[in-house]
1. Right, residue A:2: within 16 Å of DNA strand C (Cβ to nearest atom), more than 14 Å from every other protein chain (Cβ to nearest Cβ) and at pLDDT below 95 or not?
2. Test residue A:28 against the stated conditions and say whether it is surrounded by fewer than 21 Cβ atoms within 10 Å (Cβ to Cβ), within 8 Å of DNA strand D (Cβ to nearest atom) and either in contact (Cβ under 8 Å) with a residue 12 or more places away in the chain or within 18 Å of residue B:22 (Cβ to Cβ) (or both).
3. Which residues, taken from region B:132-141, are crowded, with 18+ Cβ neighbours inside 10 Å and in contact (Cβ under 8 Å) with a residue 12 or more places away in the chain?
4. Tell me which residues, restricted to region B:149-177, are more than 9 Å from chain A (Cβ to nearest Cβ) and more than 17 Å from residue A:152 (Cα to Cα).
5. Looking at residue B:100, is it more than 7 Å from chain A (Cβ to nearest Cβ) and more than 14 Å from the chain's Cα centre (by Cα)?
6. What about residue B:162, is it closer than 27 Å to residue B:75 by Cβ and in contact with a strand residue (DSSP E or B) (Cβ under 7 Å, 6 or more places away or on another chain)?
7. With the checklist (1) within 16 Å of DNA strand C (Cβ to nearest atom); (2) touching a residue at least 12 places away in the same chain (Cβ under 8 Å) in hand, flag the one item residue A:51 doesn't pass.
DNA sequence: GTCTATACAAAGATAGAC
DNA sequence: GTCTATCTTTGTATAGAC
């Protein structure tokens, strides 16, 4: 049986991912978990603390998964890049889902300092990780980039996050698949840049 | 002297762009304009109506500017693309500014239906417009795209919106400039794709 | 660990004077 | 067109029983 604290975190994360942190209330979380409002306070002393715990867990899980794939000698650069697409493609199955940190970026100035820091670390980590993967793949001749690994990594992270948000707004799930496919064709070694 | 309704719209837009719609209140708007809460209601009967008016004005202004440049025979494809970067680069001057619709995309499911429709139309219009520009430029041999105009246009819009949000989160203004520069090098005719 | 009850502030909105 | 005053709901958070 699942721990109540975990259950609360799951409910809060889903609410933030869909409605945003400002629009989420203890009442919403309590209703989903099937408890009363004060029971949440027993596990998380304030709404800010709950929000920070949600983002920290999300960021740490993501970071651990990315580090594991990067350090797995079985995975080549292409497989590693494809692994990075996986969560985005899972978000694409539903019209409503976006990345937790992408959703929070829209209201970042209204968030408590602890949450802002977690979201910032999330993006910095993703950009550094992808830059490293692109550089490795480029060195091995697997990727052909039209610019340096750093700006290209930033372009890709921004495009994937932006595509999730636009997808949910327009309701066009194909949006995300198109962007992922375009990124693939963008780094494909067969598409050598000549200049 | 500026009309009060316009003043209210300006204040509300700035508040939504920074904190988000859910976190914005009549009190915040009233304080900025220098009036009391009920005076706002006289101009906009509800918070939802005010929010919808803000997004509609923003979308219509943007659409008019884009259409004007597209239909100006003086502007070639490159100048038109550069024109599209202008507002994004202006957002880049401040660490806090993002596109109104990019900010709203994060909390889209918490918005009233009228606002959701406006944000959707904003993105659909931008994607169609940019697709058309890319196609024209490609036909004239000015742009060299690594994929069809439609997916490339979607990638660019998503990347620009995502870059604004990431920029504000990390506080790194260079983020946006890098992405714009990467997009430029990405369509440059000198960088012909060979496959 | 969960509950009832409650405190306190802030929200959106309305009525009616000026 | 703007104000004061007020209504009603909802928010976060606390106190204390079980």
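1. Working: within 16 Å of DNA strand C (Cβ to nearest atom): yes; more than 14 Å from every other protein chain (Cβ to nearest Cβ): yes; at pLDDT below 95: yes.
So residue A:2 fits the description; yes.
2. yes
3. B:133, B:134, B:135, B:137, listed by residue number.
4. B:149
5. no
6. On the way: closer than 27 Å to residue B:75 by Cβ: yes; in contact with a strand residue (DSSP E or B) (Cβ under 7 Å, 6 or more places away or on another chain): no.
The answer is no for residue B:162.
7. Just one mismatch for residue A:51, condition (1).
Here's the yes/no breakdown for (1) in a loop (DSSP other than H, G, I, E, B); (2) exposed (fewer than 13 other Cβ atoms within 10 Å of the Cβ); (3) away from DNA strand C (no atom under 16 Å from the Cβ):
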| position | (1), (2), (3) |
| --- | --- |
| A:11 | no, no, no |
| A:16 | no, no, yes |
| A:35 | yes, no, no |
| A:41 | no, no, no |
| A:101 | no, no, yes |
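The values are calculated or read from the model by the stated rules, or taken from the named source; none is laboratory data. It should be emphasised that the depicted structure is a prediction, and the values quoted were computed from it without experimental measurement. Glycine also receives a Cβ, built like all others from the backbone with ideal geometry; neighbour counts cover every protein chain displayed.
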